[in-house]
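Colleague: What follows is a structure written as structure tokens; I'll ask about it next.
None of the figures in this text is laboratory data; all of them are computed from the coordinates on show. What you see is a predicted model; the values in this text were computed from it and never measured.
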């Protein structure tokens with residue numbers, strides 16, 4: 001009877017050791033996943049920062065282009081008003097003569 005009790009006890013110890021080894025393996029897998037996710041997160045962060053930098057450069061170019069378009073717009077209206085004034089002046093000169 002003592003041998004059966006000792007045998008049962010050894011079986012329980014083996015089962016506990018097996019469960020502990022499974023738990024250690026699960027922890028190792030979880031650690032690998034965490035490392036992979038951390039690496040992926042770092043890559044994503046670097047890519048987002050790159051996109052933010054590109055957007056900042058585009059914003060700077062847009063502001064510069066807006067200034068240029070504003071100047072061109074003013075020149076267009078000055079030329080248009082000048083042409084209308086010249087045509088009106090010629091019309092008035094020909095009518096009065």
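Colleague: Return the whole-Å distance between the Cα centroid of segment 80-97 and the Cα centroid of segment 1-37.
Modeller: 101
Colleague: Whole percent per 5 Å bin, from 0 to the bin with the longest distance: what is P(r) over all C-alpha pairs of segment 1-45?
Modeller: With a bin width of 5 Å, the distribution comes to 5, 20, 11, 13, 10, 8, 9, 6, 6, 4, 3, 2, 1, 0.
Colleague: Would you kindly state how much longer the chain becomes between residue 25 and residue 51 on full extension, computed as 0.36 nm times their sequence separation minus their alpha carbon distance, in nm to one decimal?
Modeller: Values: separation 26, 0.36 × 26 = 9.36 nm, distance 3.91 nm.
The span from residue 25 to residue 51 would gain 5.4 nm if fully extended.
Colleague: Shifting gears a bit: I need the Debye-formula profile for the chain: one equal scatterer per C-alpha, no solvent, reported as log10 I(q)/I(0) at q = 0.15, 0.18, 0.19, 0.24 1/Å, two decimals.
Modeller: -0.88, -0.97, -0.99, -1.12
Colleague: Further, regarding this structure: For every helix of n ≥ 4 consecutive DSSP H residues, a contribution of -39,500 (n - 2.57) applies; sum these over the chain, divide by its total residues, and give [θ] at 222 nm rounded to the nearest 500 deg cm²/dmol. Provide the component values of the computation, followed by the final result.
Modeller: Details: 1 runs with 95 residues, N = 97.
Theoretical 222 nm ellipticity from helices: -37500 deg cm²/dmol.
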